[in-house]
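Below is one structure, written out as C-alpha coordinates; comments come after it.
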Amino acid sequence: MDTHPTYTLADLASWSRPGITLAVLGYPIRHSISPAMHTAALARMAQENPVFADWRYVRFEVPPEDLPQALELLHAKHFRGINLTVPHKVLALTSDRVTSIDPSARPAGAINTLRWRTDGWEGFNTDGYGLREGLREDLSLELSGAHVVMLGAGGAARAAAVQCLQAGCASLNIANRTRANLDALLALLRPLAAPGQMLSGFAPDAPPKNLPSDSVVVNATSAGLKNTDALPIDPTKIPRPRAVYDMIYNPAETRLLATARVLGLPAANGLSMLVHQGARALEHWSGRSAPVATMREAARNALGLAPT
Ligand code: NAP
(Lines give C-alpha, C1' and ligand atoms only; values in the text may rest on other atoms or scores of the structure.)
Protein backbone atom coordinates (compact mmCIF):
# COMPACT_ATOMS: atom_id res chain seq x y z
CA MET A 1 0.00 0.00 0.00
CA ASP A 2 1.28 3.49 -0.88
CA THR A 3 1.58 5.40 2.40
CA HIS A 4 3.06 8.59 0.94
CA PRO A 5 0.77 11.54 1.72
CA THR A 6 -0.48 13.83 -1.06
CA TYR A 7 -0.14 17.54 -0.29
CA THR A 8 -1.83 20.55 -1.89
CA LEU A 9 -1.11 24.24 -2.36
CA ALA A 10 -2.91 24.95 0.93
CA ASP A 11 -0.36 22.76 2.78
CA LEU A 12 2.45 24.67 1.13
CA ALA A 13 1.37 28.01 2.53
CA SER A 14 2.08 26.79 6.07
CA TRP A 15 5.00 24.46 5.17
CA SER A 16 7.70 24.48 7.84
CA ARG A 17 9.49 21.13 7.60
CA PRO A 18 13.17 21.49 8.54
CA GLY A 19 15.75 19.71 6.37
CA ILE A 20 16.02 19.34 2.60
CA THR A 21 12.77 18.69 0.76
CA LEU A 22 12.20 17.52 -2.81
CA ALA A 23 8.78 17.21 -4.45
CA VAL A 24 6.91 16.02 -7.49
CA LEU A 25 4.07 18.15 -8.85
CA GLY A 26 1.34 16.80 -11.09
CA TYR A 27 -2.39 16.70 -11.68
CA PRO A 28 -3.41 13.99 -11.00
CA ILE A 29 -0.48 12.77 -8.89
CA ARG A 30 -1.76 10.02 -6.58
CA HIS A 31 -0.68 7.27 -9.02
CA SER A 32 2.92 8.52 -9.11
CA ILE A 33 5.56 6.04 -7.98
CA SER A 34 8.24 8.74 -7.82
CA PRO A 35 7.85 9.22 -4.02
CA ALA A 36 8.47 5.49 -3.44
CA MET A 37 11.45 5.50 -5.80
CA HIS A 38 13.12 8.62 -4.39
CA THR A 39 12.37 7.82 -0.76
CA ALA A 40 14.17 4.49 -1.16
CA ALA A 41 17.07 6.23 -2.93
CA LEU A 42 17.45 8.81 -0.16
CA ALA A 43 17.39 6.12 2.54
CA ARG A 44 20.15 4.27 0.67
CA MET A 45 22.21 7.44 0.23
CA ALA A 46 21.79 8.27 3.93
CA GLN A 47 23.35 4.89 4.85
CA GLU A 48 26.53 6.02 3.14
CA ASN A 49 26.41 9.71 3.94
CA PRO A 50 24.46 11.05 6.97
CA VAL A 51 23.99 14.39 5.21
CA PHE A 52 21.07 12.77 3.35
CA ALA A 53 19.30 11.64 6.54
CA ASP A 54 17.06 14.72 6.61
CA TRP A 55 16.23 14.70 2.89
CA ARG A 56 12.60 13.90 2.01
CA TYR A 57 10.67 13.58 -1.27
CA VAL A 58 6.94 14.38 -1.21
CA ARG A 59 4.15 14.80 -3.72
CA PHE A 60 1.85 17.73 -4.39
CA GLU A 61 -1.37 17.70 -6.36
CA VAL A 62 -1.32 21.02 -8.20
CA PRO A 63 -3.79 21.91 -10.97
CA PRO A 64 -2.23 23.75 -13.92
CA GLU A 65 -3.76 27.12 -13.00
CA ASP A 66 -1.98 26.96 -9.61
CA LEU A 67 1.47 26.10 -10.99
CA PRO A 68 2.86 29.69 -10.96
CA GLN A 69 1.87 30.17 -7.31
CA ALA A 70 3.20 26.73 -6.37
CA LEU A 71 6.59 27.41 -7.99
CA GLU A 72 6.76 30.75 -6.19
CA LEU A 73 5.97 29.21 -2.79
CA LEU A 74 8.20 26.16 -3.25
CA HIS A 75 11.08 28.48 -4.06
CA ALA A 76 10.35 30.74 -1.08
CA LYS A 77 10.25 27.63 1.18
CA HIS A 78 13.66 26.54 -0.17
CA PHE A 79 12.64 23.18 -1.65
CA ARG A 80 15.88 21.82 -3.14
CA GLY A 81 14.37 20.24 -6.22
CA ILE A 82 11.13 19.57 -8.06
CA ASN A 83 9.99 16.95 -10.53
CA LEU A 84 7.23 17.99 -12.90
CA THR A 85 4.83 15.56 -14.48
CA VAL A 86 1.64 15.84 -16.56
CA PRO A 87 0.42 18.55 -17.24
CA HIS A 88 3.24 20.81 -16.01
CA LYS A 89 6.28 19.95 -18.16
CA VAL A 90 5.56 22.46 -20.93
CA LEU A 91 3.72 25.00 -18.78
CA ALA A 92 6.66 25.45 -16.41
CA LEU A 93 8.83 26.77 -19.24
CA THR A 94 6.73 29.93 -19.32
CA SER A 95 6.96 30.56 -15.57
CA ASP A 96 8.98 33.63 -14.63
CA ARG A 97 10.25 31.72 -11.57
CA VAL A 98 12.17 29.44 -13.95
CA THR A 99 15.11 31.75 -14.49
CA SER A 100 17.49 29.48 -16.39
CA ILE A 101 17.14 26.43 -18.59
CA ASP A 102 19.77 23.82 -19.30
CA PRO A 103 20.75 24.25 -22.98
CA SER A 104 20.04 20.61 -23.78
CA ALA A 105 16.48 20.95 -22.38
CA ARG A 106 15.51 23.95 -24.50
CA PRO A 107 14.93 22.12 -27.82
CA ALA A 108 12.67 19.61 -26.04
CA GLY A 109 10.29 22.48 -25.21
CA ALA A 110 9.58 20.90 -21.83
CA ILE A 111 11.26 20.51 -18.43
CA ASN A 112 10.70 17.76 -15.88
CA THR A 113 13.29 18.75 -13.24
CA LEU A 114 13.87 22.01 -11.36
CA ARG A 115 16.81 22.85 -9.12
CA TRP A 116 16.74 25.66 -6.55
CA ARG A 117 19.00 28.64 -7.21
CA THR A 118 19.04 31.96 -5.38
CA ASP A 119 17.34 33.85 -8.22
CA GLY A 120 14.77 31.19 -9.18
CA TRP A 121 14.51 27.66 -10.59
CA GLU A 122 16.96 26.09 -13.01
CA GLY A 123 15.15 23.76 -15.45
CA PHE A 124 16.33 20.43 -16.91
CA ASN A 125 14.78 17.69 -18.99
CA THR A 126 15.93 14.21 -17.97
CA ASP A 127 13.39 12.21 -20.04
CA GLY A 128 15.65 11.93 -23.10
CA TYR A 129 18.51 10.75 -20.89
CA GLY A 130 16.11 8.24 -19.28
CA LEU A 131 15.19 6.83 -22.68
CA ARG A 132 18.82 6.53 -23.75
CA GLU A 133 19.76 4.67 -20.56
CA GLY A 134 16.62 2.52 -20.69
CA LEU A 135 17.43 1.35 -24.23
CA ARG A 136 20.97 0.55 -23.14
CA GLU A 137 19.94 -1.29 -20.01
CA ASP A 138 17.03 -3.35 -21.34
CA LEU A 139 17.89 -3.85 -25.00
CA SER A 140 21.66 -3.18 -25.22
CA LEU A 141 20.87 -0.54 -27.86
CA GLU A 142 22.69 2.69 -28.65
CA LEU A 143 20.83 5.56 -30.32
CA SER A 144 23.96 6.59 -32.20
CA GLY A 145 23.68 5.20 -35.73
CA ALA A 146 20.25 3.65 -35.04
CA HIS A 147 17.18 3.82 -37.27
CA VAL A 148 14.36 4.96 -34.98
CA VAL A 149 10.62 4.74 -35.58
CA MET A 150 9.01 7.01 -32.98
CA LEU A 151 5.28 6.69 -32.32
CA GLY A 152 3.64 9.88 -31.01
CA ALA A 153 4.11 13.63 -31.21
CA GLY A 154 3.33 14.74 -27.65
CA GLY A 155 5.70 15.89 -24.90
CA ALA A 156 7.40 12.53 -24.36
CA ALA A 157 7.92 12.00 -28.09
CA ARG A 158 9.37 15.46 -28.41
CA ALA A 159 12.00 14.94 -25.70
CA ALA A 160 12.78 11.48 -27.07
CA ALA A 161 13.07 12.71 -30.66
CA VAL A 162 15.47 15.48 -29.61
CA GLN A 163 17.57 12.89 -27.76
CA CYS A 164 17.64 10.62 -30.85
CA LEU A 165 18.83 13.45 -33.10
CA GLN A 166 21.37 14.76 -30.59
CA ALA A 167 22.70 11.23 -30.01
CA GLY A 168 23.33 10.85 -33.75
CA CYS A 169 20.62 8.42 -34.88
CA ALA A 170 20.90 7.54 -38.59
CA SER A 171 17.20 8.13 -39.25
CA LEU A 172 14.12 9.21 -37.34
CA ASN A 173 10.68 8.35 -38.74
CA ILE A 174 7.80 9.63 -36.64
CA ALA A 175 4.23 8.31 -36.81
CA ASN A 176 1.30 10.12 -35.24
CA ARG A 177 -2.48 9.82 -35.36
CA THR A 178 -3.10 13.57 -35.76
CA ARG A 179 -1.26 14.91 -38.79
CA ALA A 180 -1.20 18.54 -37.58
CA ASN A 181 0.62 17.54 -34.36
CA LEU A 182 3.08 15.47 -36.37
CA ASP A 183 3.79 18.37 -38.74
CA ALA A 184 4.33 20.74 -35.80
CA LEU A 185 6.85 18.33 -34.27
CA LEU A 186 8.67 17.81 -37.56
CA ALA A 187 8.95 21.59 -38.06
CA LEU A 188 10.49 21.91 -34.62
CA LEU A 189 12.93 19.06 -35.16
CA ARG A 190 14.12 19.95 -38.68
CA PRO A 191 16.66 22.56 -37.54
CA LEU A 192 18.13 19.99 -35.11
CA ALA A 193 18.79 17.31 -37.73
CA ALA A 194 22.43 17.03 -38.77
CA PRO A 195 23.34 16.84 -42.47
CA GLY A 196 22.64 13.28 -43.63
CA GLN A 197 20.31 12.51 -40.71
CA MET A 198 17.00 11.38 -42.23
CA LEU A 199 13.89 12.87 -40.61
CA SER A 200 10.34 12.23 -41.80
CA GLY A 201 6.80 11.53 -40.66
CA PHE A 202 3.97 9.20 -41.61
CA ALA A 203 0.45 8.13 -40.67
CA PRO A 204 0.57 5.02 -38.42
CA ASP A 205 -2.08 3.25 -40.54
CA ALA A 206 -0.15 3.88 -43.77
CA PRO A 207 3.55 3.24 -43.13
CA PRO A 208 5.82 4.00 -46.11
CA LYS A 209 7.40 1.00 -47.88
CA ASN A 210 10.91 2.43 -47.52
CA LEU A 211 11.17 2.34 -43.70
CA PRO A 212 14.49 0.76 -42.64
CA SER A 213 14.19 -2.92 -41.74
CA ASP A 214 16.17 -2.93 -38.49
CA SER A 215 14.62 0.06 -36.76
CA VAL A 216 14.12 0.57 -33.04
CA VAL A 217 10.40 1.20 -32.51
CA VAL A 218 9.68 3.52 -29.55
CA ASN A 219 6.10 4.00 -28.42
CA ALA A 220 5.67 7.51 -27.00
CA THR A 221 1.88 7.60 -27.39
CA SER A 222 -0.63 6.99 -24.63
CA ALA A 223 -2.12 4.12 -26.66
CA GLY A 224 -1.71 1.08 -24.42
CA LEU A 225 -2.43 2.70 -21.06
CA LYS A 226 -5.85 1.00 -21.26
CA ASN A 227 -5.89 -2.65 -22.28
CA THR A 228 -8.75 -1.90 -24.69
CA ASP A 229 -6.55 0.55 -26.68
CA ALA A 230 -5.73 -0.28 -30.27
CA LEU A 231 -2.08 -0.86 -31.25
CA PRO A 232 -0.28 2.47 -31.93
CA ILE A 233 1.18 0.68 -34.97
CA ASP A 234 0.92 -2.86 -36.30
CA PRO A 235 4.53 -4.17 -36.20
CA THR A 236 3.69 -6.70 -38.93
CA LYS A 237 2.88 -3.82 -41.32
CA ILE A 238 6.42 -2.38 -41.19
CA PRO A 239 9.76 -3.95 -42.16
CA ARG A 240 10.92 -6.22 -39.34
CA PRO A 241 12.16 -3.99 -36.49
CA ARG A 242 15.25 -4.67 -34.43
CA ALA A 243 13.46 -4.08 -31.11
CA VAL A 244 10.40 -2.45 -29.54
CA TYR A 245 10.48 -0.12 -26.51
CA ASP A 246 7.19 1.07 -25.01
CA MET A 247 7.43 4.12 -22.71
CA ILE A 248 4.33 2.86 -20.92
CA TYR A 249 5.23 0.80 -17.82
CA ASN A 250 1.81 0.41 -16.21
CA PRO A 251 0.47 -1.95 -17.50
CA ALA A 252 3.82 -3.73 -17.67
CA GLU A 253 2.89 -5.53 -20.89
CA THR A 254 0.98 -3.47 -23.46
CA ARG A 255 -0.58 -5.01 -26.55
CA LEU A 256 2.34 -3.60 -28.52
CA LEU A 257 4.88 -5.40 -26.32
CA ALA A 258 2.87 -8.62 -26.37
CA THR A 259 2.72 -8.47 -30.18
CA ALA A 260 6.47 -7.80 -30.38
CA ARG A 261 7.20 -10.83 -28.20
CA VAL A 262 4.98 -13.06 -30.35
CA LEU A 263 7.04 -11.90 -33.34
CA GLY A 264 10.23 -12.84 -31.48
CA LEU A 265 11.43 -9.24 -31.18
CA PRO A 266 13.41 -7.95 -28.18
CA ALA A 267 10.96 -5.78 -26.23
CA ALA A 268 10.92 -3.71 -23.05
CA ASN A 269 8.61 -1.34 -21.21
CA GLY A 270 9.29 2.21 -19.96
CA LEU A 271 10.13 1.40 -16.34
CA SER A 272 13.84 1.70 -17.04
CA MET A 273 13.25 5.15 -18.58
CA LEU A 274 11.30 6.24 -15.52
CA VAL A 275 14.02 5.02 -13.17
CA HIS A 276 16.85 6.69 -15.11
CA GLN A 277 15.09 10.03 -15.55
CA GLY A 278 14.51 10.01 -11.78
CA ALA A 279 18.10 9.03 -11.04
CA ARG A 280 19.41 11.86 -13.22
CA ALA A 281 17.13 14.36 -11.44
CA LEU A 282 18.42 13.18 -8.06
CA GLU A 283 21.98 13.63 -9.31
CA HIS A 284 21.19 17.24 -10.31
CA TRP A 285 19.86 17.92 -6.80
CA SER A 286 22.43 16.04 -4.72
CA GLY A 287 25.60 16.28 -6.78
CA ARG A 288 26.11 12.54 -6.07
CA SER A 289 25.51 9.47 -8.20
CA ALA A 290 22.06 7.99 -7.57
CA PRO A 291 21.51 4.38 -6.40
CA VAL A 292 19.81 3.19 -9.59
CA ALA A 293 19.36 -0.43 -8.48
CA THR A 294 17.61 0.69 -5.28
CA MET A 295 15.33 2.98 -7.28
CA ARG A 296 14.47 0.20 -9.73
CA GLU A 297 13.53 -2.22 -6.95
CA ALA A 298 11.44 0.43 -5.16
CA ALA A 299 9.62 1.25 -8.40
CA ARG A 300 8.93 -2.43 -9.09
CA ASN A 301 7.68 -2.89 -5.55
CA ALA A 302 5.37 0.13 -5.85
CA LEU A 303 3.92 -1.39 -9.02
CA GLY A 304 3.43 -4.77 -7.35
CA LEU A 305 6.10 -6.44 -9.53
CA ALA A 306 8.47 -9.13 -8.32
CA PRO A 307 12.04 -8.06 -7.46
CA THR A 308 14.59 -8.55 -10.28
P1 NAP B 1 0.88 13.72 -24.53
O2 NAP B 1 1.74 14.92 -24.63
O3 NAP B 1 -0.53 13.84 -24.10
O4 NAP B 1 0.90 13.00 -25.99
C5 NAP B 1 0.10 11.87 -26.24
C6 NAP B 1 0.49 11.24 -27.57
O7 NAP B 1 -0.20 10.00 -27.69
C8 NAP B 1 0.08 12.08 -28.79
O9 NAP B 1 1.00 11.85 -29.84
C10 NAP B 1 -1.28 11.47 -29.14
O11 NAP B 1 -1.61 11.58 -30.51
C12 NAP B 1 -1.03 10.01 -28.85
N13 NAP B 1 -2.23 9.27 -28.54
C14 NAP B 1 -3.04 9.41 -27.46
N15 NAP B 1 -4.01 8.49 -27.49
C16 NAP B 1 -3.82 7.75 -28.61
C17 NAP B 1 -4.50 6.65 -29.18
N18 NAP B 1 -5.58 6.11 -28.59
N19 NAP B 1 -4.03 6.12 -30.33
C20 NAP B 1 -2.93 6.62 -30.91
N21 NAP B 1 -2.23 7.68 -30.43
C22 NAP B 1 -2.67 8.23 -29.28
O23 NAP B 1 1.52 12.63 -23.55
P24 NAP B 1 3.07 12.42 -23.22
O25 NAP B 1 3.43 13.19 -22.00
O26 NAP B 1 3.82 12.63 -24.47
O27 NAP B 1 3.09 10.87 -22.79
C28 NAP B 1 2.94 9.85 -23.77
C29 NAP B 1 3.15 8.49 -23.12
O30 NAP B 1 4.49 8.37 -22.67
C31 NAP B 1 2.26 8.25 -21.91
O32 NAP B 1 1.79 6.93 -21.98
C33 NAP B 1 3.20 8.43 -20.73
O34 NAP B 1 2.80 7.65 -19.63
C35 NAP B 1 4.51 7.91 -21.32
N36 NAP B 1 5.70 8.48 -20.65
C37 NAP B 1 6.55 7.62 -20.02
C38 NAP B 1 7.69 8.10 -19.39
C39 NAP B 1 8.63 7.15 -18.71
O40 NAP B 1 9.48 7.62 -17.93
N41 NAP B 1 8.54 5.87 -18.94
C42 NAP B 1 7.98 9.49 -19.41
C43 NAP B 1 7.09 10.35 -20.09
C44 NAP B 1 5.95 9.81 -20.70
P45 NAP B 1 -2.45 12.83 -31.11
O46 NAP B 1 -1.44 13.88 -31.46
O47 NAP B 1 -3.09 12.22 -32.28
O48 NAP B 1 -3.41 13.26 -30.04
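The values are calculated or read from the model by the stated rules, or taken from the named source; none is laboratory data. Predicted model, so just to flag it, every value in this text is computed and none were measured. Cβ: placed from backbone, ideal geometry, glycine included. Neighbour counts: every protein chain shown. To get the accessible areas, we keep the full protein, side chains included, count just its heavy atoms, and leave off ligands, DNA and RNA. Shrake-Rupley method; radii C 1.70, N 1.55, O 1.52, S 1.80 Å.
Table for the structure above
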{"quantity": "Of all residues making up region 144-197, the number that are more than 14 Å from the ligand (Cβ to nearest atom) and assigned to a loop (DSSP other than H, G, I, E, B)", "calculated": "12"}
{"quantity": "Filtered residue count, region 246-296, keeping only those that are away from the ligand (no atom under 16 Å from the Cβ), touching a helix residue (DSSP H, G or I) at 6+ places or on another chain (Cβ under 7 Å) and among the charged types (D, E, K, R)", "calculated": "1"}
{"quantity": "Condition met for residue 117 (on the phi < 0 side of the Ramachandran plot, at pLDDT below 95 and among the basic types (Lys, Arg))", "calculated": "no"}
{"quantity": "Enumerated strands (runs of 3 or more DSSP E) restricted to region 82-129, each holding at least 2 residues that are open to solvent by 20 Å² or more (accessible area, probe 1.4 Å)", "calculated": "98-101, 113-117"}
{"quantity": "Strands (runs of 3 or more DSSP E) contained entirely in region 212-308, each with at least 1 residues that are within 23 Å of residue 198 (Cβ to Cβ) and open to solvent by 60 Å² or more (accessible area, probe 1.4 Å)", "calculated": "none"}
{"quantity": "Selection within region 224-239 - under 26 Å from residue 170 (Cα atoms) and not β-branched (Val, Ile, Thr)", "calculated": "231, 232, 234, 235, 237, 239"}
{"quantity": "Count of region 10-39 residues which are in contact (Cβ under 8 Å) with a residue 12 or more places away in the chain, hydrophobic (A, V, I, L, M, F, W, C) and open to solvent by 30 Å² or more (accessible area, probe 1.4 Å)", "calculated": "3"}
{"quantity": "Scan of region 141-154 for residues that are of a type in the set (Gly, Ala, Ser), more than 13 Å from residue 175 (Cα to Cα) and surrounded by fewer than 21 Cβ atoms within 10 Å (Cβ to Cβ), ordered by number", "calculated": "144, 145"}
{"quantity": "Total residues in region 99-143, condition hydroxyl-bearing (Ser, Thr, Tyr) and within 13 Å of the ligand (Cβ to nearest atom)", "calculated": "3"}
